[in-house]
1. Could you say which residue among LYS68, LYS59, LYS31 is in contact with a Phe, Trp or Tyr (Cβ under 9 Å, 6 or more places away or on another chain) and either open to solvent by 40 Å² or more (accessible area, probe 1.4 Å) or not acidic (Asp, Glu) (or both)?
2. Please pick out the residue among ILE74, ILE84 that is out of contact with any Asp or Glu (no Cβ under 9 Å at 6 or more places or on another chain), modelled with pLDDT of 95 or more and open to solvent by less than 20 Å² (accessible area, probe 1.4 Å).
3. Starting from residues that are near the ligand (Cβ under 9 Å from one of its atoms) and surrounded by fewer than 16 Cβ atoms within 10 Å (Cβ to Cβ), keep the ones in the stretch 110-122 and report whichever is farthest from MET93 (Cα to Cα).
4. Go through the stretch 104-124 and report how many residues are touching a strand residue (DSSP E or B) at 6+ places or on another chain (Cβ under 7 Å) and assigned to a loop (DSSP other than H, G, I, E, B).
5. Can you name the number of the only condition in (1) crowded, with 18+ Cβ neighbours inside 10 Å; (2) touching a Phe, Trp or Tyr at 6+ places or on another chain (Cβ under 8 Å) that LYS94 fails?
6. Conditions: (1) more than 15 Å from the ligand (Cβ to nearest atom); (2) free of Cβ contacts under 8 Å to residues at least 60 places away in the same chain; (3) in contact with a helix residue (DSSP H, G or I) (Cβ under 7 Å, 6 or more places away or on another chain). LYS62 meets all but one. Number of the miss?
7. Suppose we filter the stretch 49-83 for residues that are of a type in the set (Phe, Trp, Tyr) and closer than 16 Å to ILE39 by Cα; how many remain?
Amino acid sequence: MKKLSGRKKVKTAVFISGTGSNLKNLIKFSKSKKSTISINLIISNTSNAKGLKYSNQYKIKKKIFNFKKNNEQIILNFLKKNKINFICLAGFMKILSKKFIKNFKGKIINIHPSLLPKYKGLNTHEKAIKNKDKFSGCSVHYVTSKLDSGRIIMQTKVRISSKDNATSLAKKILKKEHKLYPAAILKIID
Ligand code: GAR
């Protein structure tokens with residue numbers, strides 16, 4: 001993936017399902033001089049995703065797709081038409097199919113709110129607290145057909161205090177995610 005960019009910013013789509021704080025953060029990063037990506041598309045599986053508002057705010061094209069197998073080719077065609085070369089999943093709660101991932105091999109990354117390989121899937125903060133872990137954190141990793149299992153690009157550790165509950169821990173980790181995601185992108189696209 002290194003040298004993917006050359007001098008031009010790599011055309012990127014961000015996939016979201018919810019609030020979109022990572023999306024907002026990535027948009028801000030993409031506008032900075034040091035960024036190696038530009039964000040050209042926001043894709044969501046639901047029209048309820050709050051983060052879709054950033055489409056208007058930052059004048060970035062958005063599109064909502066039903067992520068069902070029979071729809072996949074339409075999504076792929078749309079990404080191709082928009083010359084998208086890189087995909088960042090940011091709070092995207094659908095699992096992409098093998099075929100979809102194959103079409104963007106090594107070019108889809110995800111941010112996950114745990115220290116992978118610990119706590120793949122959902123409710124990561126609840127699990128870390130329940131297990132009395134001293135640390136949790138966030139990971140940026142390549143997306144493969146195995147859920148939350150692709151090669152880890154970068155991680156940040158966060159200390160869990162005895163006062164933490166799932167909500168406070170999620171908040172602490174999200175703050176770290178906003179630093180980690182751009183750093184991980186710069187690590188793989190220089
Ligand atoms: C983030 O904490 C992200 O790591 C997590 O959802 C949140 C989205 O927040 N992603 C997953 O759990 C993926 N399985 P945001 O919409 O404010 O960026």
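1. Values: LYS68 fails: in contact with a Phe, Trp or Tyr (Cβ under 9 Å, 6 or more places away or on another chain); LYS59 fails: in contact with a Phe, Trp or Tyr (Cβ under 9 Å, 6 or more places away or on another chain).
Testing whether each residue is in contact with a Phe, Trp or Tyr (Cβ under 9 Å, 6 or more places away or on another chain) and either open to solvent by 40 Å² or more (accessible area, probe 1.4 Å) or not acidic (Asp, Glu) (or both) leaves just LYS31.
2. Values: ILE74 fails: open to solvent by less than 20 Å² (accessible area, probe 1.4 Å).
Of ILE74, ILE84, the one residue that is out of contact with any Asp or Glu (no Cβ under 9 Å at 6 or more places or on another chain), modelled with pLDDT of 95 or more and open to solvent by less than 20 Å² (accessible area, probe 1.4 Å) is ILE84.
3. From the stretch 110-122, those near the ligand (Cβ under 9 Å from one of its atoms) are 110-114, 120-122; that's our starting set.
If we keep only those that are surrounded by fewer than 16 Cβ atoms within 10 Å (Cβ to Cβ) too, we end up with 120-122.
Working: LYS120: 13, GLY121: 10, LEU122: 9 Å.
Ranking the candidates gives LYS120 first.
4. Going through the stretch 104-124 one residue at a time, the tally reaches 7.
5. With respect to (1) crowded, with 18+ Cβ neighbours inside 10 Å; (2) touching a Phe, Trp or Tyr at 6+ places or on another chain (Cβ under 8 Å), LYS94 is out only on (1).
6. Looking at each condition in turn, LYS62 falls short on (1).
7. Let us first name the residues in the stretch 49-83 that are of a type in the set (Phe, Trp, Tyr), namely 54, 58, 65, 67, 78.
Of the ones still in play, those that are also closer than 16 Å to ILE39 by Cα are 54, 58, 78.
Final tally of qualifying residues: 3.
Listed here are the residues, each with its yes/no results for (1) of a type in the set (Gly, Ala, Ser); (2) at pLDDT below 95; (3) not in a loop (DSSP other than H, G, I, E, B).
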position: LYS8; (1), (2), (3): no, yes, no
position: ALA13; (1), (2), (3): yes, no, yes
position: ILE39; (1), (2), (3): no, no, yes
position: SER47; (1), (2), (3): yes, no, no
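The values are calculated or read from the model by the stated rules, or taken from the named source; none is laboratory data. If you're wondering where the values come from, they're calculated on a predicted model, not measured in any experiment. Backbone-built Cβ (ideal geometry, glycine too); neighbour counts: all protein chains shown. In case anyone asks, the SASA skips ligands and DNA or RNA and just uses the protein heavy atoms, side chains included. Shrake-Rupley method; radii C 1.70, N 1.55, O 1.52, S 1.80 Å.
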